[in-house]
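Novice: Once you've had a glance at the structure underneath, I'll fire off some questions.
Every read-out reported here was derived from the displayed coordinates using simple, explicitly stated rules and does not represent laboratory data. What you see is a predicted model; the values in this text were computed from it and never measured. Ideal geometry is used to build each Cβ from the backbone, glycine not excepted, and the neighbour counts take in all protein chains shown.
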């Protein structure tokens, strides 16, 4: 959530941010009104309680005639204090609920607009010309079938649409990707973490995933637990309700977990293969830093993602995501999109978001710097979303006979394999 003081001092900035997100601008005025009621009712409660305490001291010393009048006033004060307390609590609850609906403040450098209004910052690698090479590229599902690596038919039979099995070299390729990604993150100073896939409501809400993203979240009603769509949730809540000494920052974690997403609203999109699925594994980077260091850390996370994709020898571009396409917790977000030959376009493989103090305020995570205690900044960055990375590797490194060349960085994790060979039929 944002700082209420900032809202009071510069409401136009918050309105502009809401407008850029395509969200309800009137929410700002509703929140300002609720906050004013919260503060004024709090003042009234304090004044009445002070009068009540003073009156309590006067009654024992009063004459019989005065005591009767004071007791009458005390009775009225008791009712007034109770009413003021209820009014204060109601206004406080309304303020908090409205505050939770407000997205993070959009960074001033973010391009304004919707999904297609991103700005391309850089491109890397060369796109192969399969025509010059003399063959038509196969898509990842056909390649996965040839290699005995992907089985979506049995995935659908067992679990329904958008589920799959990784088999043989497909399973080995996932394990190689995860191990290589964790090795890179560890070398960069991240602490590897295996995180819970089920979290409590306060963890999910605290990271901002029960707002606009709630439709994509799986909820277990009987247990009141949520399946995470990213280990970001568990990593953000790891230090919930804690005060961290400034000399411990930055704290960097690399979480591995299964991820679950309903993919609501994606009907008809990416129905073939494993690009958009309900369950997948992912390695996620997460950083806790001082607020003044968040932009520099954001660039570092992006650099680690670029290094990873370059090591996989994939052509990709980096985009500055437009304002209306940001998640509610992100102030700014960069995506790395890999070229997918059979689709003829770039598709998102990794992303990194600067969430500034938005999540830490919700989760009550603060930093102690000398005598000052204040919210810190959190950032996240996908290092390897496994199925999409497999899609990009198979399609970009395929050969005419249906085999797939293995990027050098993965070979040590695949027993030295240089090529994934088609399986005998």
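Novice: Give the distance, in whole Å, between the Cα centre of region 299-351 and the Cα centre of region 176-214.
Specialist: Each part's Cα centre sits 18 Å from the other's.
Novice: Kindly state, to the nearest 0.05, the FRET efficiency for residue 72 paired with residue 8, given R0 = 45 Å and r defined as their beta-carbon distance.
Specialist: Rounded to the nearest 0.05, the efficiency is 0.70.
Novice: A further question follows. Would you compute, for the Cα atoms of region 326-380, the largest minus smallest coordinate along each principal axis and list the three values in descending order, in whole Å?
Specialist: 57, 19, 13
Novice: Here is a further query. Considering every Cα-Cα pair within region 150-274, what fraction, in whole percent, is farther apart than 26 Å?
Specialist: Across region 150-274, Cα pairs with separations above 26 Å total 36 percent.
Novice: With a/c under 1.5 counting as rounded, go ahead and sort region 70-182 into rounded, prolate or oblate using the C-alpha gyration tensor (a ≥ b ≥ c being the square roots of the eigenvalues; past the cut-off, prolate if a/b is larger than b/c, else oblate).
Specialist: The shape class here is prolate.
Novice: Give me the angle, in degrees from 0 to 90, between the Cα long axis of helix 11-21 and the longest principal axis of the Cα atoms of the chain, rounded to the nearest 10.
Specialist: On a 0 to 90 degree scale, this one is about 30.
Novice: Along Cα→Cβ, 7 Å out, is where each label goes; now give me the distance between the ones at residue 175 and residue 272 in nm to one decimal.
Specialist: A separation of 3.1 nm, rounded to one decimal place.
Novice: Right, another one. Cα axis of helix 386-396 to longest principal axis of the chain: angle in degrees, 0 to 90, nearest 10?
Specialist: Taking Cα atoms only, the helix is inclined about 30 degrees.
Novice: How big is the chain along each principal axis, measuring the range of its Cα positions in Å and listing the largest first?
Specialist: Largest to smallest, the principal-axis extents are 107, 43, 40 Å.
Novice: Name the residue, out of 208, 114, 273, whose mean-square fluctuation peaks in a Gaussian network model built on the chain with Cα pairs under 10 Å.
Specialist: Looking only at 208, 114, 273, the biggest GNM fluctuation is shown by 114.
Novice: Would you mind computing, in nm to one decimal, how far apart the modelled labels at residue 299 and residue 130 are, each placed 7 Å from Cα along Cα→Cβ?
Specialist: Spacing of the two 7 Å Cα→Cβ label points: 3.8 nm.
Novice: For region 371-425, count the residues as N, evaluate 2.2 N^0.38 Å, and divide the Cα radius of gyration by that value, please.
Specialist: Rounded to two decimals, the normalised Rg is 1.90.
Novice: Would you look at the GNM of the chain, springs on alpha carbons closer than 10 Å, and say which of 33, 294, 403 moves the most?
Specialist: Maximum among the listed residues: 33.
Novice: Moving on. Measure out, as a whole number of angstrom, how far apart the alpha-carbon centroids of region 256-279 and region 1-59 sit.
Specialist: Each part reduced to its Cα centre gives a spacing of 41 Å.
Novice: Stokes-Einstein diffusion coefficient for region 301-419 at 10 °C in a medium of 1.306 mPa s, Rh from the Kirkwood formula over Cα pairs: what value in µm²/s?
Specialist: It diffuses with D of about 97 µm²/s by this estimate.
Novice: Find how much the distance from residue 348 to residue 400 grows on full extension, using 0.36 nm per residue of separation minus their present alpha carbon separation; answer in nm with one decimal.
Specialist: Taking residue 348 through residue 400 to full extension adds about 16.1 nm, to one decimal.
Novice: Treating region 270-320 as a set of equal point scatterers at the Cα positions, no solvent, please give the Debye-formula log₁₀ I(q)/I(0) at q = 0.15 Å⁻¹.
Specialist: The calculated log intensity ratios at q = 0.15 Å⁻¹ are -0.64.
Novice: What's the Cα-based Rg to Rh of region 207-316, Rh via Kirkwood?
Specialist: Ratio of gyration radius to Kirkwood radius: 1.01.
Novice: Under a no-solvent Debye model with one identical scatterer per Cα of region 1-54, what's log10 I(q)/I(0) at q = 0.18, 0.20, 0.29 Å⁻¹?
Specialist: Per q value, in the given order, log10 I(q)/I(0) is -0.64, -0.71, -1.10.
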